[in-house]
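A.B. asks: I have a structure I would like to understand better, so I am pasting it below and will then ask my questions one at a time.
FYI, it's all coordinate maths here, none of it is from the lab. Note that the structure is a prediction, hence the values are computed from the model and not measured. All Cβ positions, glycine included, derive from the backbone under ideal geometry; neighbour counts span all protein chains shown.
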Amino acid sequence: MSDKHDGQFYQEILDICLTAGRLMIEGGSEMYRVEDTMLRIARNAGAEDPRVFATPTCVFMSLNHGNLSQMKQVRDRNIDLELVDRVNALSRQFAVKQIDLPQLKEKIAKVADAPFFPMWMQIIGAAVLSATLMVLFMDNYDWVDFPGAAIVGGLGFWAYCEFKKYTKVRFLSELIAAMVMGFLARGLNWLDSQMIVDNILVGALMTLVPGLALTNALRDLFMGDLLSGIVRMCEAVLSALALGGGVAIVLKFMGV
């Protein structure tokens, strides 16, 4: 890096920091962690007076005493803590000089393009989660409902992922997935009356319940990020309403 006051140098830092921040927000990180990681990268790169402001939908950054500013939108937000950990790990490697700035840029680009867990693995995870949480929440070790919760949870999660490809409205995908879960749970109850619809749905819906989003919202509020905390709180409430509404619609019309 020849001249640290060169505009291209600052632009490279901006690109790296904004990409890192976007990835962390997409992975479900808290805003204070996003801002801290971006500031750490910029300062270790030798940037002057870095300033960062992150929200769930956009991240802003300026360098060189505010002379160079840029923003990047965040359009998709999921729960991928492995993604957050990878970006954090790269920032720490850069801080201790294990990698230089070009290598950091290359590795962050690879993280951004790295595939998520394959769909079959996500479905299996959702099925296992649904069945075990059904036992935990309902305190019911009835082995009849155990496979029912696994089937409904896995297929419902698959429906959510599929419908999400065709709409940018996240809450619509959750509404439809909840309706699919309600229909499947009622169908299993129709095939075997020993299966309890409530038990199955309590476990299956846990795969989509925004528990981590609500936790992060509270953490943002406690850390003073009021805007991010309120936005995430509203998002979590809307997700919960979509899930509850989808199940209620199906069960109402199916006479349960």
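A.B. asks: If you take the beta carbon distance between Met223 and Arg92 as r and set R0 to 30 Å, what does 1/(1 + (r/R0)^6) give as a FRET efficiency, to the nearest 0.05? Please list the in-between numbers first.
C.D. replies: Details: r = 21 Å, r/R0 = 0.69.
Calculated value: 0.90.
A.B. asks: I need the phi-derived Karplus couplings for the stretch 122-136: 6.51 cos²θ - 1.76 cosθ + 1.60, θ = phi - 60°, integer Hz, Gly and Pro marked x.
C.D. replies: Once rounded to whole Hz, the list reads 5, 5, 4, x, 5, 5, 5, 4, 4, 5, 6, 6, 4, 5, 5.
A.B. asks: Note the angle between two axes, namely the Cα long axis of helix 211-222 and the longest principal axis of the Cα atoms of the chain, as a number of degrees from 0 to 90, rounded to the nearest 10.
C.D. replies: Between helix and principal axis, roughly 40 degrees.
A.B. asks: Provide the descending list of Cα extents for the stretch 1-87 along its principal axes, expressed in whole angstroms.
C.D. replies: Per principal axis, max minus min of the Cα coordinates gives 39, 21, 18 Å.
A.B. asks: While we're on this one: Amide H neighbours of Leu68 under 5 Å, at least 5 residues apart or on other chains, H built in the peptide plane: list them.
C.D. replies: Leu63
A.B. asks: Working out 0.36 nm times the residue gap between Ala109 and Gln122, then minus their Cα-Cα distance, what length gain in nm do you get to one decimal?
C.D. replies: That works out to 2.3 nm of additional length.
A.B. asks: Can you tell me the orientation of helix 31-45 relative to the chain, as the angle in degrees between its alpha-carbon axis and the longest Cα principal axis, to the nearest 10?
C.D. replies: So the inclination is approximately 30 degrees.
A.B. asks: Related question: Taking the dipole about the Cα centre of the stretch 1-78, with the C-beta of Lys and Arg at +1 and of Asp and Glu at -1, give me whichever of Pro50, Cys17, Val74 is farthest to the positive side.
C.D. replies: Value computed over the given set: Val74.
A.B. asks: Listing Asp113, Asp80 from the residue with the fewest other Cβ atoms within 10 Å to the one with the most, what is the order?
C.D. replies: Asp113, Asp80
A.B. asks: To continue, here is another question. Which value in nm describes the separation of the simple spin-label points at Leu172 and His65, placed 7 Å from the Cα toward the beta carbon?
C.D. replies: Here the answer is 5.0 nm between the modelled labels.
A.B. asks: Suppose R0 equals 35 Å; then what is the FRET efficiency for Phe253 and Glu82 from their Cβ-Cβ distance, rounded to the nearest 0.05?
C.D. replies: Rounded to the nearest 0.05, the efficiency is 0.30.
A.B. asks: On to the next question. How would you rank Val74, Val96, going from fewest to most other Cβ atoms within 10 Å of each one's own Cβ?
C.D. replies: Ascending Cβ contact count within 10 Å gives the list Val96, Val74.
A.B. asks: Quick check on the chain: helices-only [θ] at 222 nm, where DSSP H runs of length 4 and up contribute -39,500 (n - 2.57) each and the sum goes over total residues. Nearest 500, please.
C.D. replies: -23000 deg cm²/dmol
A.B. asks: Count of lysine pairs in the chain with Cα atoms under 18 Å apart, counting only pairs 8 or more residues apart in sequence or on different chains? Please list the in-between numbers first.
C.D. replies: On the way: Lys4/Lys97; Lys4/Lys105; Lys72/Lys105; Lys97/Lys105; Lys97/Lys107.
Qualifying lysine pairs in the chain: 5.
A.B. asks: For Cys58, enumerate residues with amide H under 5 Å from its amide H, sequence gap 5+ or separate chain, H modeled in the peptide plane.
C.D. replies: Those qualifying (amide H under 5 Å, at least 5 residues apart or on another chain) are Val74.
A.B. asks: Let me ask you something else. Once phi is turned into ³J(HN,Hα) by the Karplus curve 6.51 cos²θ - 1.76 cosθ + 1.60 with θ = phi - 60°, what whole-Hz value does each residue of the stretch 245-254 show in order, with x for glycine and proline?
C.D. replies: Here the 3J(HN,Hα) series is x, x, 5, 4, 4, 5, 5, 5, 7, 9 Hz.
A.B. asks: Under a point-charge model restricted to the Cβ atoms of Lys and Arg (+1) and Asp and Glu (-1), what is the dipole moment magnitude of the stretch 1-160 relative to its Cα centre, in debye to the nearest 20? Can you show the working numbers first?
C.D. replies: Details: 15 positive and 20 negative charges, 77 e Å.
Using Cβ point charges on Lys, Arg, Asp and Glu, the stretch 1-160 gives about 360 debye.
A.B. asks: Grab the Cα-Cα distance for Asp192 and Asp139, subtract it from 0.36 nm times how many residues apart they are, and report the gain in nm with one decimal.
C.D. replies: Going from the current span to full extension adds 17.0 nm.
A.B. asks: How would Phe53, Phe222 line up from fewest to most surrounding beta-carbon atoms within 10 angstrom?
C.D. replies: Values: Phe53 15, Phe222 11.
Fewest to most other Cβ atoms nearby, the residues stand as Phe222, Phe53.
A.B. asks: Shifting gears a bit: Against the longest principal axis of the chain, how steep is helix 7-26, in degrees 0 to 90 to the nearest 10, with axes from Cα atoms?
C.D. replies: So the helix axis and the longest Cα principal axis differ by about 20 degrees.
A.B. asks: Another question about this same structure. What is the sum of charges, Lys and Arg at +1 and Asp and Glu at -1, for the other residues whose Cβ falls under 15 Å from the Cβ of Gly229?
C.D. replies: Charge balance near Gly229 sits at -1.
A.B. asks: I would also like to ask the following. In Å³ and rounded to a whole number, note down the convex hull volume per residue for the Cα atoms of the chain. Working shown, then result.
C.D. replies: Details: hull volume 34.2 nm³, N = 256.
Per-residue hull volume (Cα only) is 133 Å³.
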